[in-house]
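What follows is calculated from the coordinates using simple rules that are stated; it is not laboratory data. All values derive from a computational prediction rather than experimental measurement. Cβ coordinates were reconstructed from backbone atoms using ideal geometry, including for glycine residues, and neighbour counts include every protein chain displayed.
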Amino acid sequence: MKQIALLSATHAPGLGPDAEAALGTIIEAAGGKPGPYRWLSPGHALEAEVEGNPSLTKAREMLGEMLGEMMGGIPADINFIPADGRRKALMIADMDSTIISSESLDDLARLAGKGDEVATITARSMRGELDFSQSLKARVGMLAGSPTSLIDTIIAEAECNPGATELVTTLRRHGVRTVLASGGFTFLTEVIGGRLGFDAHFANTLVVRDGVITGEVTDPVLDQHSKRTILDREIEALGITPDDVATIGDGANDRGMTERAGMGVAYQGKDALKAVTPYWLDHTDLRGMLWLQGYDDSMITRS
Ligand SMILES: [Mg+2]
């Protein structure tokens, strides 16, 4: 089975001219033979066909060792991708700390003056130490009695991560269905999904009554099982298979969909998520999701 090795980095100043030599050395050290090189994005994404069956673990070790001496010390990612079936027909993306830079529930809690208590629970939940729906209900409960003006502030402050616009716009232009699936709240997935042009969005509903956050969330809570269920529903509706799906997320509650998808990507992923997938983007912005699938800069668009 032919594979592609992709070296990517979006930190300034990007990959230099010695990146081709570096990628070749990495592939050989990992037990493969590099084929022709192709820049998907000059300075940011370089790929090579690979013969043999190199070890990804070894390649990542080698990349880490080489950073001091080559490529200007720029932190970079290396991924191996099967050459066949590389472009997917459906993308499901997590929102908090993936498509947007913040954790919306933490931000709500901070505005409500409960930041420290809630952030502690969030961190434990993202590491997989707490059941997601129990911890979500506990955190939302702390917000009881807070004014709904906090929600307007969260919406106003939410910022998309670099590459989010290119990711969603480019996929839609190429006929790929895009779905936003969040353990956060519909008040924000609706706005972010609409702003970026996602085809659909799924999240939890924060209960509001008489201008006040009641501290309740509507059942059933959307958790990691739900994200996997969304994936299954979507592929059935589209008549495709899990192999045709790419997902992207960062936390433990993304594990279900990540394991199921043909290309489940961990974006600045927590260890609990990286443990279940070989696809890691730690030093590449969201355009990395396009480069992994073989889109080059001539195909990537912001509008
Ligand atoms: Mg997340």
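Per-structure values
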read-out	value
In degrees, nearest ten, helix 56-66 long axis to first principal axis of the chain (Cα)	80 degrees
Of I99, A112, V191, farthest towards positive along the dipole that unit charges on Lys, Arg, Asp, Glu beta carbons give the chain	V191
Pairwise Cα inverse-distance average, inverted: Kirkwood Rh of the chain (Å)	20.0 Å
Tail fraction, Cα-Cα pairs, the stretch 213-276, threshold 19 Å, whole percent	36 percent
For the stretch 3-82, size of Cβ-based charge dipole, Lys and Arg +1, Asp and Glu -1, in debye	140 debye
Simple Cβ-charge dipole of the stretch 39-169, Lys/Arg +1 and Asp/Glu -1, about Cα centre, in debye nearest 20	360 debye
Residue order, fewest to most surrounding Cβ atoms within 10 angstrom, among D77, D296	D296, D77
Calculated FRET efficiency for the pair R302/V207, C-beta based, R₀ 41 Å, to 0.05	0.65
DSSP loop GluC sites (Glu not before Pro) with at most 16 other Cβ within 10 Å excluded, longest remaining stretch of the chain	160-303
Cα-based helix-to-principal-axis angle, 224-238 vs the chain, degrees rounded to 10	70 degrees
Proxy reagent accessibility, fewest Cβ within 10 Å first, across Y267, Y295, Y37	Y37, Y295, Y267
Cα centroid of the stretch 278-303 to Cα centroid of the stretch 108-167, whole Å	27 Å
Helical mean residue ellipticity (222 nm; -39500 (n - 2.57) per DSSP H run of 4+; nearest 500) of the chain	-10500 deg cm²/dmol
Pairs of lysine residues in the chain - Cα separation under 18 Å, sequence separation of 8 or more or cross-chain	9
Exposure proxy ranking, count of Cβ atoms within 10 Å, fewest first, for M1, M142, M289	M1, M142, M289
Helix axis angle, 132-141 relative to the chain longest principal axis, alpha carbon, degrees	40 degrees
Extension gain (nm, one decimal) between H174 and D152, 0.36 nm per residue minus Cα-Cα	4.6 nm
Among P162, P36, P242, residue whose mean-square fluctuation peaks in a GNM of the chain (springs only between Cα atoms under 10 Å)	P36
Share, in percent, of DSSP beta bridges within the stretch 91-242 that are antiparallel, nearest 5	40 percent
Calculated Rg and Dmax of the stretch 3-82 using C-alpha coordinates, Å	11.1, 33
Dipole magnitude of the stretch 90-165, debye to nearest 20 (Cβ charges: Lys/Arg +1, Asp/Glu -1, about Cα centre)	220 debye
